[in-house]
1. Which values of log₁₀ I(q)/I(0), to two decimal places, follow from the Debye formula for the chain at q = 0.11, 0.12, 0.16 Å⁻¹ with a uniform point scatterer at every Cα?
2. With a Förster radius of 35 Å, plug the Cβ-Cβ distance of residue 129 and residue 188 into 1/(1 + (r/R0)^6) and report the FRET value to the nearest 0.05.
3. Hey, could you get me the Stokes-Einstein D for region 1-82, Kirkwood radius over alpha-carbon pairs, 10 °C and 1.306 mPa s, rounded to whole µm² s⁻¹?
4. How long is the gain from residue 205 to residue 175 if the chain were fully straight, where each residue apart is worth 0.36 nm and the alpha carbon distance is subtracted?
5. Between residue 281 and residue 111, what's the calculated FRET efficiency when r is the beta-carbon distance and R0 is 30 Å? Round to 0.05.
6. Taking a quarter of the surface of the convex hull around the Cα atoms of region 147-262, what do you get in nm²?
7. Of the heavy-atom accessible surface of the chain (probe 1.4 angstrom), what whole percent is carbon and sulfur?
8. Please list 3J(HN,Hα) in residue order for region 102-119, calculated via the Karplus relation 6.51 cos²θ - 1.76 cosθ + 1.60 where θ = phi - 60°; whole Hz, with x for glycine and proline.
Amino acid sequence: MAPKTVLITGCSSGIGLALAVRLARDKQRRFRVIATMRNVGRSEALAAAAGPALGRTLEIKQLDVCDEGSIRACLDSIPGRHVDVLVSNAGVGMAGPLECQSLAAMQSLMDTNFFGLVRLVKEVLPDMKRRRGGHIVVISSIMGLQGIVFNDIYSASKFAVEGFCESLVVQALRFNVAISLVEPGPVMTEFETKLYEEAERADYSRTDPETAEIFTKLYLRNSRDVFTSLGQTPEDIAEHTLRVIEAARPPFRHQTNVAYTPMAALKHADPSGALITDAFYKLVFKYDAVLRFGLRAIRLLRWQAQKVKAGARLLGFR
């Protein structure tokens, strides 16, 4: 069987890089990976991680999801414009008090996270429909299902992504085209590290002192604990995404972190929204010390589990 052509966006670092390398180094050589990024000058890390797969099962191309011409040029360079699997991964983040974010920055984020996906799908879907086959995989977020305090605009972009895909999936299935949303929670990447470093240095003079203090003293501190305790690696997300790609019947939604399943369930348990709103309010403003203690306990348990796994591997167990 001929290898599947997989086009991935946002491969200069993080999830995109990890997924491109994972697929390109597949032992069964089931994939031909076209790893794209806005600036190919930032491809050194990908090339180094790909190793001998570069030029064999992995090819690096330029693609800017905010530029229709760039998307078209990339697809035109692929023989027959044939893409079996599109992985829409490129994205940007934003966190902080709403009053401190410029409208231009918000529009830029939406242009990348939402309209970038729309541009890609508009370009690949007609070919997939004609062939009556294909798979569109979208790296979404748990924040596309549940808004998180101080992530207003980022969450809005992921809600838009989820609504777009949910509306499109039925039509796509008519043409034997699958759509899958991969929904990670916190992921420890350069993307997240940079986002929080910028948040710590930002100017909060455009909001009131109380809101600024809630963000800098509560939110940023708790976020560090959340990422340290519950965060996954890009390689974890790559493995989850591989499972979605190779599934005989790909799921529409796939959450990568079971710790967030109760949160999604809580929202659907009460259509009025009162239950989830009250729960989050109490976690942030009343029981934040309990939250931090619980997260640190989870971190300890995860560390112990990793030690047990490492010991089992040394003894020859899998």
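The values are calculated or read from the model by the stated rules, or taken from the named source; none is laboratory data. Nothing here was measured: the structure is a model prediction, and the numbers come from that model. Glycine gets a Cβ as well: all are built from the backbone with ideal geometry, and neighbour counts include every protein chain shown. Quick note on the areas: whole protein, heavy atoms, side chains included, nothing else; ligands and nucleic acids left out. Shrake-Rupley method; radii C 1.70, N 1.55, O 1.52, S 1.80 Å.
1. Debye output, listed in q order: -0.75, -0.88, -1.44.
2. Calculated transfer efficiency: 0.40.
3. 126
4. Extra length available between residue 205 and residue 175 comes to 5.6 nm.
5. 0.40
6. Projected over every direction and averaged, the Cα hull of region 147-262 covers 8.8 nm².
7. 57
8. Karplus values, whole Hz, x for Gly and Pro: 7, 4, 4, 5, 5, 5, 5, 4, 4, 5, 7, 6, 9, 5, x, 4, 4, 4.
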